[in-house]
Amino acid sequence: MTLTGSDYLLHLSALAVSFVGFSAVVVALRRALGAELSDLHMHFVSLFIEGGLAVAAFGLLPVALSFTGLADSTIWRLSSAAAAVIFSGYLIVLFRRRRRVAPGPVPLRTSVDYVMYIMAALVLWVNTVGFRFQPSAAPYALALTWFLVMGAWVFVQNRDLFFRQPPSR
């Protein structure tokens, strides 16, 4: 039995792992230039690596569950529930971590980013419940894609933090 959307999710997982690798290379290059990584740097590095690995893992989950013989709607419901719980908790952790490393008012663009992440998590919760529709691949794949896109967007928003010339010693 071929699960609808499995090819897309496998490609998304590969792309997420590539993003994690790219993030690690950027950090390694920054360190090679002699720059220290501040707590804020580490917050973003954690976001990129943890978020990318989570997207990769959740991209594999429905494919793995397809070997159990469960109905497609059950696979999407279980996968969405697992991803919704983890991503919802992760967003709370991210917010607290951000507040710890950068006290003070949260910048507007950061607030907008969190709202966008929350919207993706809500899509997963709606797919879990399946109110008035059967849980399916589309909401799940779109939410995971959005989490990865948001990680890349946050990287672009903060690229100066990573590519800025470190102070000479």
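Odds and ends about this structure:
- Global geometry of segment 43-132, whether rounded, prolate or oblate, following the gyration tensor of its Cα atoms and the 1.5 cut on a/c: prolate
- Largest mean-square fluctuation among G59, G34, G21, in a Gaussian network model of the chain whose springs join Cα atoms under 10 Å apart, belongs to G34.
- For segment 66-105, the spread of Cα positions along each principal axis, largest first, Å: 50, 14, 8
- Stokes-Einstein diffusion coefficient of segment 99-160, Kirkwood radius over Cα pairs, 25 °C, 0.890 mPa s, in µm²/s: 186 µm²/s
- Among V26, G51, T4 - extreme Cα towards positive end, dipole of the chain, charges at beta-carbon: V26
- For segment 80-123, taking the reciprocal of the average inverse distance between every pair of different Cα atoms yields a Kirkwood hydrodynamic radius of 11.0 Å.
- Average Cα contact separation per residue, segment 21-126, under 8 Å, 6 or more apart, as relative contact order %: 30 percent
- log₁₀ of I(q)/I(0) at q = 0.24 Å⁻¹ - segment 20-69, Debye sum with one point per alpha carbon: -0.86
- The chain - charge dipole about Cα centre, Lys and Arg +1 at Cβ, Asp and Glu -1, debye rounded to 20: 560 debye
- J(HN,Hα) series, segment 34-45, from Karplus relation 6.51 cos²θ - 1.76 cosθ + 1.60, nearest Hz, glycine and proline x: x, 8, 7, 9, 6, 4, 5, 4, 5, 4, 5, 4
- Taken over segment 1-87, the convex hull of the Cα atoms encloses 77 Å³ per residue.
- Counted charge near A24, where neighbours are those whose Cβ lies closer than 14 Å (Asp, Glu -1; Lys, Arg +1): +1
All of the numbers you see were taken from the coordinates with simple rules; none came from a lab. Given the structure is predicted, the values throughout are model-derived calculations rather than measurements. Don't worry about glycine lacking a Cβ; one is built from the backbone with ideal geometry, like all the others, and counts go over all protein chains shown.
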